[in-house]
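Take a look at the structure set out below.
The values are calculated or read from the model by the stated rules, or taken from the named source; none is laboratory data. In this text, all values refer to a predicted model and were calculated from it rather than measured experimentally. Virtual Cβ from ideal backbone geometry, glycine too; neighbours counted across all protein chains shown. Ligands, DNA and RNA are stripped out before the accessible areas are found, and what is left, the full protein with its side chains, is counted by its heavy atoms. Shrake-Rupley method; radii C 1.70, N 1.55, O 1.52, S 1.80 Å.
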Amino acid sequence: SFVLTMFDPEGRAPGGVSHWVAYGIAPSVTGFAEGEVSKPTSNYVGGKSTMGVGFYSGPCTPPNTTPHHYTFILTATDFEPQELPPGLTREELVAKFTWPSTHVKGSTGIVGLFVNPYHE
């Protein structure tokens, strides 16, 4: 199954902000419908973001800040889609990847810059 996370390292110093933690994405899922990830869905298992929710929470930089780097990471694992329990944080999920053995088969990422235009 696949894991998809969105992380803002500049948010809420010193630890950053996890905006989205989604896992248990079946290999047959090749995309999400518009608005689908903004609420619970059966196409992934919702983890726990910094805001305490199990669905996508988009970028929202504070007033008077420089653009933040939003990192999306897609990871292929050997976990079955429903193998991991819901509600794992990004850190708990990463720990499951590597102990007692690696479950990661590959990973890729993309970084986007964003600043809230309404806060300028």
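Before moving on, here are some points about what is shown:
- Residue among K48, K105 that is of a type in the set (D, E, K, R) and touching a Pro at 6+ places or on another chain (Cβ under 9 Å): K48
- Qualifying positions in region 87-120 - modelled with pLDDT under 85, loosely packed, with under 11 Cβ neighbours inside 10 Å and within 25 Å of T61 (Cβ to Cβ): P117, Y118, E120
- Some residue of region 55-66 being among the hydrophobic types (A, V, I, L, M, F, W, C) and within 14 Å of L4 (Cα to Cα): yes
- The criterion of being out of contact with any strand residue (DSSP E or B) (no Cβ under 7 Å at 6 or more places or on another chain), small (G, A, S) and either surrounded by 14 or more Cβ atoms within 10 Å (Cβ to Cβ) or at negative phi (or both) holds for S38.
- Close pairs (6 angstrom Cβ cut-off, 6 or more residues apart or separate chains): without any contact (Cβ under 8 Å) to a residue 40 or more places away in the chain in region 93-116, in a strand (DSSP E or B) and of a type in the set (D, E, K, R) anywhere: none
- Against the test of being within 25 Å of S101 (Cα to Cα), in contact with a Pro (Cβ under 7 Å, 6 or more places away or on another chain) and open to solvent by 20 Å² or more (accessible area, probe 1.4 Å), the options A26, A76 yield a single qualifying residue, A26.
- Residue selected from region 56-73 under the condition touching a residue at least 40 places away in the same chain (Cβ under 8 Å), in a loop (DSSP other than H, G, I, E, B) and of a type in the set (S, T, N, Q), by the criterion most open to solvent (accessible area, probe 1.4 Å): N64
- Each residue in region 1-43 was checked for being in contact (Cβ under 8 Å) with a residue 60 or more places away in the chain and of a type in the set (S, T, N, Q), and 3 pass.
- Checked against the criterion of being surrounded by fewer than 20 Cβ atoms within 10 Å (Cβ to Cβ), within 19 Å of G112 (Cα to Cα) and in contact with a Phe, Trp or Tyr (Cβ under 7 Å, 6 or more places away or on another chain), region 41-55 has no qualifying residue.
- Within region 14-55, tally of residues that are farther than 18 Å from T89 by Cβ and part of a loop (DSSP other than H, G, I, E, B): 14
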